[in-house]
Amino acid sequence: MLGTILDVVFLAMLVLAVAVVEERNLVSAVVKYSLLSLLFILALFELNAPDVALSAIVVGAIVIGVFLFTIKGVTR
């Protein structure tokens, strides 16, 4: 059962990664990137690596915040 869940999560991650790269709107790309990050964290928890997942949560939150702050500064 765990293998099937991870296969679906990895496939969704692949689709979202392509969607992030192909997105023209920067805010939409950041939202899709945050969903990709969420799936990555879910996969880490499923693989019994909660310490790595918690680190990924912190780093992902900082990166998403920097992306949004930068987009706000560029669009002025």
Practice task
Please list, ordered by first then second residue, the pairs with beta carbon atoms under 9 Å, 6 or more apart or interchain, first in segment 1-29 and more than 20 Å from PHE45 (Cβ to Cβ) and without any contact (Cβ under 8 Å) to a residue 60 or more places away in the chain, second open to solvent by 100 Å² or more (accessible area, probe 1.4 Å) and part of a helix (DSSP H, G or I).
Solution key: LEU26/VAL74; ALA29/VAL21; ALA29/GLU22
Practice task
Starting from segment 34-48, keep only residues that are over 22 Å from GLU23 (Cβ atoms), then list their pairs with residues that are assigned to a helix (DSSP H, G or I) and among the small types (Gly, Ala, Ser) whose Cβ atoms are within a distance under 8 Å, requiring at least 6 positions of separation or different chains.
Solution key: LEU44/ALA53; LEU44/ALA56; PHE45/ALA53
Practice task
Name every residue in segment 1-60 that is acidic (Asp, Glu), within 23 Å of LYS72 (Cα to Cα) and open to solvent by less than 80 Å² (accessible area, probe 1.4 Å), in order of residue number.
Solution key: GLU23
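The values are calculated or read from the model by the stated rules, or taken from the named source; none is laboratory data. Just so you know, these numbers come straight off a predicted model, no measurement behind them. Because the Cβ atoms are built from the backbone with ideal geometry, glycine has one as well, and the counts that use them run over all protein chains shown. Just the protein is used for accessible areas: all its heavy atoms, side chains included, with ligands, DNA and RNA removed. Shrake-Rupley method; radii C 1.70, N 1.55, O 1.52, S 1.80 Å.
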